[in-house]
Amino acid sequence: MTSTDARAHQQTRARRLGRAAAYGVVVAAVFFTVGFLVRSRWDPLINADDAAIRALVPITRDHPWLLDFWLFWQAAFLPRNLYAIGTVLCLWVWLRKGLRTRAWWAFGTMMVAWFIEYAAKLVFQRARPVVEDPVSKAPGFSFPSGHALGSAAFFTTAVLLLWPIVTSRVWRGVMVTVSVVLVVLTALDRTFLGVHYPSDVTVGVVTGAGLVLASYAGYARWNPRDREAAHDPDLHPRPGDDDIADDRHTAHQER
């Protein structure tokens, strides 16, 4: 690699890290702003959260089939279940598809999201909603929602992890649509069961998805074992450039 190539490599890597940092700042701003309002018990937010819980929980209580559905969803979409599935998916992508770097990126990102979920609860220590006749109970603190953050982080990671493998536009669209629906249902589950406020699940989804997107912005088309200057499609566009070609090149090098 020439000195010119080395400088180009450093510049493109700096661009990626800059994008990742910018996305991270936006996510952190939302996270800590709402967290501050929660800790300071800002009346408009607290009143809106309380009103939503008072309106949603009776709907669940009055419809036994809905209660059964939400309780099933609560158990099935525990963060540890999703991350266990994510770990198996990472191993499959590594061992069967040869995309080792991409698999490690996905696994590391999910573990960071899991850590942030637990750390944030200890920092903000928001009590869970108090419901006169509760339909479900959950241990621990309320902000942010672990189910919402975990599902958003898992499904966003899964979509990006599988993107080079699922080459059909139709199936990519199905994959994204199904992921969005499952995340939304998980968020609704927490509020209809009265174990989280709407602000808990909203921040959980934004944080989970935003964290993954920020991480991917720093990872995309970056191969630490490639000694050639990294190709940046924004600086040097070329026909047909996409993640598939980059990941296949990475897989070939890593074998």
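The values are calculated or read from the model by the stated rules, or taken from the named source; none is laboratory data. Small disclaimer: the values here were computed from a predicted structure and weren't measured. Note that each Cβ is placed from the backbone with ideal geometry, even for glycine, and that neighbours are counted across all protein chains shown. Accessible surface is based on the protein model in full, side chains and every heavy atom, while ligands, DNA and RNA are left aside. Shrake-Rupley method; radii C 1.70, N 1.55, O 1.52, S 1.80 Å.
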Note to self: Please count how many residues of the stretch 177-207 are open to solvent by 20 Å² or more (accessible area, probe 1.4 Å) and under 11 Å from SER142 (Cα atoms).
What the structure shows: 2
Note to self: Where the second residue is modelled with pLDDT under 95 and acidic (Asp, Glu) and the first is in a helix (DSSP H, G or I) and lies in the stretch 77-99, which pairs have Cβ atoms under 8 Å and are six or more apart or on separate chains?
What the structure shows: PRO79/GLU117
Margin query: Could you list, ordered by first residue, the pairs with Cβ atoms under 6 Å in which the first is in the stretch 201-216 and of a type outside the set (Asp, Glu) and the second is open to solvent by 40 Å² or more (accessible area, probe 1.4 Å), at least 6 apart or interchain?
Written below: VAL206/VAL30; LEU213/TYR23; ALA214/TYR23
Notebook entry, point to check: Before we move on, is PRO233 modelled with pLDDT under 90 and open to solvent by 40 Å² or more (accessible area, probe 1.4 Å)?
Noted result: no
Check: Quick one: in the stretch 133-165, which of the residues that are farther than 29 Å from ALA119 by Cα and surrounded by 17 or more Cβ atoms within 10 Å (Cβ to Cβ) is nearest to the chain's Cα centre (by Cα)?
Finding: TRP163
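Does the stretch 60-76 hold any residues that are open to solvent by 70 Å² or more (accessible area, probe 1.4 Å) and either in contact (Cβ under 8 Å) with a residue 12 or more places away in the chain or in a helix (DSSP H, G or I) (or both), and which are they? Give the derivation first.
Quick first cut of the stretch 60-76, residues open to solvent by 70 Å² or more (accessible area, probe 1.4 Å) only: 61-65, 68-69, 72.
Those that are open to solvent by 70 Å² or more (accessible area, probe 1.4 Å) and either in contact (Cβ under 8 Å) with a residue 12 or more places away in the chain or in a helix (DSSP H, G or I) (or both): ARG61, ASP62, PRO64, TRP65, ASP68, PHE69, PHE72.
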Next item on the list: Output yes when any residue across the stretch 80-89 is surrounded by 12 or more Cβ atoms within 10 Å (Cβ to Cβ), out of contact with any Lys or Arg (no Cβ under 8 Å at 6 or more places or on another chain) and under 23 Å from GLN125 (Cβ atoms), and no when none is.
Entry: no
Next item on the list: Please find, among ILE244, ILE165, the residue that is in contact with a Phe, Trp or Tyr (Cβ under 9 Å, 6 or more places away or on another chain), farther than 30 Å from GLN74 by Cβ and either assigned to a helix (DSSP H, G or I) or modelled with pLDDT of 50 or more (or both).
Entry: ILE244
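Please pick out the residue among TRP104, TRP94, TRP73 that is under 25 Å from the mean Cα position of the chain (by Cα) and under 25 Å from PHE192 (Cα atoms).
TRP73
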